[in-house]
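Okay, so here's the structure we're looking at.
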Amino acid sequence: MAGGAARLLLAALLGALPAAAERELRFRPPAEAPVRLFTEPELARYDGQQEGQPIYLAVKGVVFDVTSGKEFYGKGAPYNALVGKDSTRGVAKMSLDPADLTHDITGLTEEELKSLDDIFNNVYKAKYPIVGYTSRRILNEDGSPNLDFKPEDQPHFNIKDEF
């Protein structure tokens, strides 16, 4: 905790805090919203098979809540194969082939990569709230934190706090 904030907190606890400083301490928004990390087995639970359960789809390691599009992604719907996993390759190739329903983008063409970026930004980020990230996006192969990780910006949605 920064020195000034620690002094404000201590003063608040001891009851000797000026009114302006108390308001600043009480109404300061958190520095960052928490980021939810999804493992593959956890993400698989949100596959649209259970009524009343949210439906999640990951693209480029970003987990979207696609429940509002359950006519597309719910049980028996045309794109249900994409949910409950990171389907980046399938989205890039516009494929529902089980072999393409993976995070792996190795060997994609420039056209497929451009299509992936367009769909990611203009469909998923534009229409569906982000609820978290896959462990592959946040962590390195050895399990250490990916220091280059930055949450996606999505100012037109309120953050959905599931904690």
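The values are calculated or read from the model by the stated rules, or taken from the named source; none is laboratory data. Computed from a prediction, not measured in an experiment: that's the story for all the values here. We place every Cβ from the backbone using ideal geometry, glycine too, and count neighbours over all the protein chains shown. These accessible areas exclude ligands, DNA and RNA; they are computed on the full protein's heavy atoms, side chains included. Shrake-Rupley method; radii C 1.70, N 1.55, O 1.52, S 1.80 Å.
The residues of the stretch 89-102 that are small (Gly, Ala, Ser) and in a loop (DSSP other than H, G, I, E, B) amount to a single one, Ser95. Pairs needed: first member in the stretch 48-75, on the phi > 0 side of the Ramachandran plot; second member anywhere, open to solvent by 50 Å² or more (accessible area, probe 1.4 Å) and assigned to a helix (DSSP H, G or I); C-beta distance under 6 Å; at least 6 residues apart or different chains. Close Cβ pairs satisfying both conditions: Gly61/Arg136; Gly61/Arg137.
Within the stretch 108-121, the set of residues being assigned to a helix (DSSP H, G or I) and open to solvent by 40 Å² or more (accessible area, probe 1.4 Å) comprises Glu110, Glu111, Glu112, Leu113, Lys114, Asp117, Asp118, Asn121.
Test Thr134 against the criterion of being open to solvent by 70 Å² or more (accessible area, probe 1.4 Å) and among the polar types (S, T, N, Q), and give yes or no. No; evaluated as a whole, the condition is false for this residue. Residues in the stretch 61-84 that are closer than 30 Å to Ser144 by Cβ and surrounded by fewer than 22 Cβ atoms within 10 Å (Cβ to Cβ): Gly61, Asp65. One residue stands out among those in the stretch 34-58 that are within 11 Å of the chain's Cα centre (by Cα) and farther than 11 Å from Gly84 by Cα: the one that is surrounded by the fewest Cβ atoms within 10 Å (Cβ to Cβ), which is Pro34. Every condition in (1) open to solvent by 70 Å² or more (accessible area, probe 1.4 Å); (2) within 23 Å of Glu152 (Cα to Cα) holds for Pro129 except the one numbered (1).
Each residue in the stretch 78-120 was checked for being among the small types (Gly, Ala, Ser) and closer than 17 Å to Ala44 by Cβ, and 4 pass. Residues in the stretch 137-163 that are touching a Phe, Trp or Tyr at 6+ places or on another chain (Cβ under 8 Å), surrounded by 15 or more Cβ atoms within 10 Å (Cβ to Cβ) and either hydrophobic (A, V, I, L, M, F, W, C) or modelled with pLDDT of 95 or more (or both): Ile138 only. State yes or no: is Ile105 part of a loop (DSSP other than H, G, I, E, B) and either among the β-branched types (Val, Ile, Thr) or at pLDDT 95 or above (or both)? For Ile105, the condition - part of a loop (DSSP other than H, G, I, E, B) and either among the β-branched types (Val, Ile, Thr) or at pLDDT 95 or above (or both) - is met.
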